[in-house]
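Have a look at the structure below before the remarks.
The values are calculated or read from the model by the stated rules, or taken from the named source; none is laboratory data. Only a predicted model underlies this, so the values are computations on that prediction, with no experimental measurement involved. With ideal geometry, Cβ positions are generated from the backbone for all residues, glycine too; neighbour counts draw on all protein chains shown.
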Amino acid sequence: MKIILASQSPRRKELLQMVVPEFLIYPADVDESQYPDESPEAYVLRIARLKADKISLQNPEDLVIASDTIVTLDQVIYGKPATENEARQTLQALSGQTHIVYTSVVLQQGNKRKETTIPTKVTFYPLTEEELSNYLMTKDYQDKAGSYGIQGPAATFIQSIEGDYYSVMGLPIASVYRLLQDFRKQHD
């Protein structure tokens, strides 16, 4: 049995290497549209399941690890920004606020599945226009939910974090490790 990471995220690859020495990477391109009235928690888990399903259908004997991460404030999902202006608007909304980052992880082999969703509260300091402009010049916001990566230059925005740091990075590695242990016990 091979292990497959259903993601092209360099952060997820780096984190998974902490607990799985060898794995394949097969990105899962799925429709990430949110359903009307779908809660952020339901949305993030559904997208992780879609990714797992897509890769598992093509590789039913292998163990697929799929994940999705979203940033939410007042039940509004802030996804990956399409433009620098969108990133600025997102960061202005998060400035001085406590938002929740949800990461869902799904382990799937054929029709066997283990899953979890990890919420983490992140509080930003109030951000000045100069801080925002300097950050946006780094382009670090690109391809990141909520327009920031906790492990990059935006680390200076963070006043506090309550929960799993690695979940905010995109893969709650301690939870993944435990899911892998449970999966192996039940399916060996």
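Looking for whichever is under 30 Å from Ser133 (Cβ atoms), buried (at least 18 other Cβ atoms within 10 Å of the Cβ) and not hydroxyl-bearing (Ser, Thr, Tyr) here; the options are Val101, Val76. Which one fits?
None of the other options fit; the residue is Val101.
Would you say Asp74 is touching a residue at least 12 places away in the same chain (Cβ under 8 Å) and more than 12 Å from the chain's Cα centre (by Cα)?
Spelling it out, it is not the case that Asp74 is touching a residue at least 12 places away in the same chain (Cβ under 8 Å) and more than 12 Å from the chain's Cα centre (by Cα).
Determine which member of the set Leu57, Leu91 is hydrophobic (A, V, I, L, M, F, W, C), within 19 Å of the chain's Cα centre (by Cα) and not in a strand (DSSP E or B).
Leu91
For Ala93, work out the one condition from (1) of a type in the set (Gly, Ala, Ser); (2) at negative phi; (3) at pLDDT below 95 it doesn't fulfil.
(3)
Across region 32-54, what is the total count of residues that are surrounded by fewer than 23 Cβ atoms within 10 Å (Cβ to Cβ) and either within 22 Å of Asp164 (Cα to Cα) or touching a residue at least 12 places away in the same chain (Cβ under 8 Å) (or both)?
13
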